[in-house]
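A short worksheet on the structure shown next.
None of the figures in this text is laboratory data; all of them are computed from the coordinates on show. Everything numeric here is computed off the predicted structure, so don't read it as measured data. Every residue, glycine among them, receives a Cβ derived from its backbone with ideal geometry; neighbour counts consider all protein chains shown.
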């Protein structure tokens, strides 16, 4: 689970250790799995960046990119900026303290967006708004990196996922004050917005998913480039 409000300030220092104790390196692996897919982008938007591990990795993979990291937790932003401070990439990475539910990136300003263990902190309605605003900020041919918790369709894996999610949502409601109690249908919302999943991999017996989404170009654009 990633930042939805400044309540995450209290978790900033311990977040990586907590994550490792619960899932080993699989959350980090899911975040990093498809970063190479967007490394050619000139302008990349990371929503809910958190403690900066993804920004550091992406900055190394995309040496020409401007990377904008949005998070609503000042402590997380401070920790993230300290990770990259003093490196050659520091001048290319911008941190914005804002709530994704109201943050409006410039239209057509980005080649890619990543929401990595972030949308799970919002209601379905909030996710739809975030997806709409992020989609409007992307240029033709852009890609969307998605990583989050999922619930397998059946069997012991489904029971395990539901148990983990119940525990996680209970903890984050208590610690950060988020109001969400269940996983939003983020992938359905992204698909309804016109995005197609072009690559995907599940981890932790189907509890974690990392995916790449692409949006087909309008017919007029295809005809013009034919």
**OP:** Please provide three numbers in whole Å: the alpha-carbon extents of the range 1-130 along the principal axes, with the largest listed first.
**Re:** 33, 31, 25
Original post:
Which percentage, to the nearest 5, of the DSSP beta bridges contained in the chain is antiparallel?
Top reply: 40 percent
Original post:
Relative contact order for the chain using alpha-carbon pairs under 8 Å, separation at least 6, rounded to a whole percent?
Top reply: 22 percent
**OP:** Take 145, 203 and order them by how many other Cβ atoms sit within 10 Å, fewest up front.
**Re:** 203, 145
Original post:
Can you give the percent of C-alpha pairs in the range 150-219 whose distance is more than 15 Å?
Top reply: 64 percent
**OP:** Compute the Cα gyration tensor for the range 99-226, then decide on rounded, prolate or oblate, letting a ≥ b ≥ c be the square roots of its eigenvalues: rounded whenever a/c is under 1.5, prolate when a/b is larger than b/c in the other cases, and oblate in all that remain.
**Re:** oblate
Original post:
Where does the range 6-215 land on Rg(C-alpha)/(2.2 N^0.38 Å)?
Top reply: 0.96
Subject >> Highest to lowest packing among 161-172, 59-70, scored as the average C-beta count within 10 Å >> reply: 59-70, 161-172
**OP:** Stick to Cα atoms and the Kirkwood definition of Rh, then tell me Rg/Rh for the range 105-153.
**Re:** 1.02
Original post:
Whole number please: convex hull volume per residue of the Cα set in the range 73-161, in Å³?
Top reply: 150 Å³
**OP:** Sort 44, 178 so the one with the fewest other Cβ atoms within 10 Å of its own Cβ comes first.
**Re:** 178, 44
Original post:
Could you give the length gained on full extension between residue 124 and residue 42, defined as 0.36 nm per residue of separation minus the Cα-Cα distance, in nm?
Top reply: 26.5 nm
Subject >> Contour excess over end-to-end distance, with Cα ends at residue 132 and residue 158 and 0.36 nm allotted per residue >> reply: 6.4 nm
Subject >> Inter-probe distance in nm under a simple model that places probes 7 Å from Cα toward Cβ, at residue 22 and residue 83 >> reply: 1.6 nm
